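These notes concern the structure reproduced below.
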Amino acid sequence: SHELRTPLTAIIGFSELLMEGVLGDLTDEQKDSIQEVLNNGADLLELINSLLDLSKIDSGKMRFEIHPFDMSEMVDRVSRMISSLIQRKEHDFTVSIQKDLPAIMGDERKLQRVLLNLISNAIKFTPDKGMIKVWVKFFPSIESMKTESWYEKIKNIQDRYSEGIFCIGVEDNGVGIKSEHLDIVFDLFQQADSSVTRSYGGTGLGLALAKQYIEQHNGIIWAESEYGKGAKFFVLLPRIAKLDAVKGDSINSVA
């Protein structure tokens with residue numbers, strides 16, 4: 001990983017210095033070119049980090065830092081992180097968080113990365129001035145979810161959620177996903193179809209990594225969509241992740 005990251009970090013660092021005018025003033029055309037270097041460098045660094053994380057999970061060497069944290073604060077933090085992208089595309093972005101949520105036990109950084117990926121995808125695949133909605137709910141038991149559309153998906157796995165269930169939803173009115181592709185969007189290096197890659201870019205790693213992170217927490221992630229009318233992504237997480245091999249605040253594997 002050192003050999004992969006170090007040269008790329010240097011490229012990004014020197015490009016940032018150029019953008020700051022350390023070596024002299026730049027024309028607008030030069031700034032645009034350097035910004036392209038920075039954007040592509042950041043994308044490549046994210047790709048490298050994702051590949052390394054997937055490799056660690058596959059080999060059982062990924063460590064999870066488990067501690068209680070505030071889900072509301074995490075959602076607010078991610079919302080601030082993507083605010084400039086939302087403004088640039090003039091999306092109608094709303095966040096609805098249930099009041100008085102209990103603390104959740106999990107790896108905050110990794111779950112934040114999942115949410116950031118889901119919202120970033122919604123921004124990317126929704127045309128300008130579209131709608132994106134994020135919501136968070138908590139249910140004390142599976143039985144209390146009977147009125148929800150996804151109840152049938154989880155009613156037979158109650159043992160995972162004896163301490164309560166967090167539900168996160170990310171919805172948009174973008175391009176959507178064809179029904180025949182819903183089962184593969186979480187597969188490694190897969191996107192809905194080749195035209196998506198041509199039009200929007202991406203590697204198909206983000207959702208694959210998100211699924212791994214959620215499943216390591218004994219959670220569930222899935223997508224629903226009506227093609228051409230948008231997509232909905234759902235995440236269910238136990239309030240307390242059922243984890244094995246605990247060492248301090250870190251774990252190596254899950255049940």
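The values are calculated or read from the model by the stated rules, or taken from the named source; none is laboratory data. Computed from a predicted model, the values in this text were never measured in an experiment. Positions of Cβ are generated from backbone atoms using ideal geometry, with glycine treated the same way; all protein chains shown enter the neighbour counts.
Within the range 82-95, can one find any residue that is over 23 Å from Pro140 (Cα atoms), surrounded by fewer than 18 Cβ atoms within 10 Å (Cβ to Cβ) and among the aliphatic types (A, V, I, L, M)?
Checked against the condition, which is being over 23 Å from Pro140 (Cα atoms), surrounded by fewer than 18 Cβ atoms within 10 Å (Cβ to Cβ) and among the aliphatic types (A, V, I, L, M), the range 82-95 yields at least one hit.
In the range 57-87, how many residues are modelled with pLDDT of 75 or more and over 23 Å from Arg239 (Cβ atoms)?
8
Please indicate, with yes or no, whether at least one residue in the range 157-174 is under 28 Å from Gly228 (Cβ atoms) and among the β-branched types (Val, Ile, Thr).
Within the range 157-174 (the criterion being under 28 Å from Gly228 (Cβ atoms) and among the β-branched types (Val, Ile, Thr)), the answer is yes, since at least one residue qualifies.
Which one of Glu163, Glu171 is among the charged types (D, E, K, R), touching a Lys or Arg at 6+ places or on another chain (Cβ under 7 Å), within 15 Å of Pro238 (Cα to Cα) and not in a helix (DSSP H, G or I)?
Glu163
Just checking, which of Glu108, Glu143 is at pLDDT 90 or above, over 15 Å from Asn173 (Cβ atoms) and not aliphatic (A, V, I, L, M)?
Going through Glu108, Glu143 in turn, just one is at pLDDT 90 or above, over 15 Å from Asn173 (Cβ atoms) and not aliphatic (A, V, I, L, M): Glu108.
Here is a yes/no grid of residues against (1) in contact (Cβ under 8 Å) with a residue 60 or more places away in the chain; (2) over 22 Å from Ile12 (Cβ atoms); (3) not assigned by TED's automatic domain parsing to the domain that holds Glu20:
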{"site": "Ile48", "(1), (2), (3)": "no, no, no"}
{"site": "Gln87", "(1), (2), (3)": "no, yes, yes"}
{"site": "Gln98", "(1), (2), (3)": "no, yes, yes"}
{"site": "Val114", "(1), (2), (3)": "yes, yes, yes"}
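For residues that are closer than 26 Å to Leu47 by Cα, modelled with pLDDT under 90 and buried (at least 20 other Cβ atoms within 10 Å of the Cβ), tally how many sit in the range 219-255.
So the count comes out to 0.
Return yes or no: is Ile168 in contact with a His (Cβ under 7 Å, 6 or more places away or on another chain) and either at pLDDT 85 or above or within 30 Å of Leu85 (Cβ to Cβ) (or both)?
no
Is it the case, given these coordinates, that Tyr200 is at pLDDT 90 or above, surrounded by fewer than 20 Cβ atoms within 10 Å (Cβ to Cβ), in the same structural domain as Gly169 (by TED's automatic domain parsing) and over 13 Å from Gly106 (Cα atoms)?
Here the answer is no, as Tyr200 does not meet what is asked.
For every residue, the table says whether it meets (1) exposed (fewer than 13 other Cβ atoms within 10 Å of the Cβ); (2) more than 21 Å from the chain's Cα centre (by Cα); (3) among the polar types (S, T, N, Q).
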| residue | (1), (2), (3) |
| --- | --- |
| Thr6 | yes, yes, yes |
| Ile12 | no, yes, no |
| Leu17 | yes, yes, no |
| Leu23 | yes, yes, no |
| Glu29 | yes, yes, no |
| Glu36 | yes, yes, no |
| Ser50 | no, no, yes |
| Ser55 | yes, no, yes |
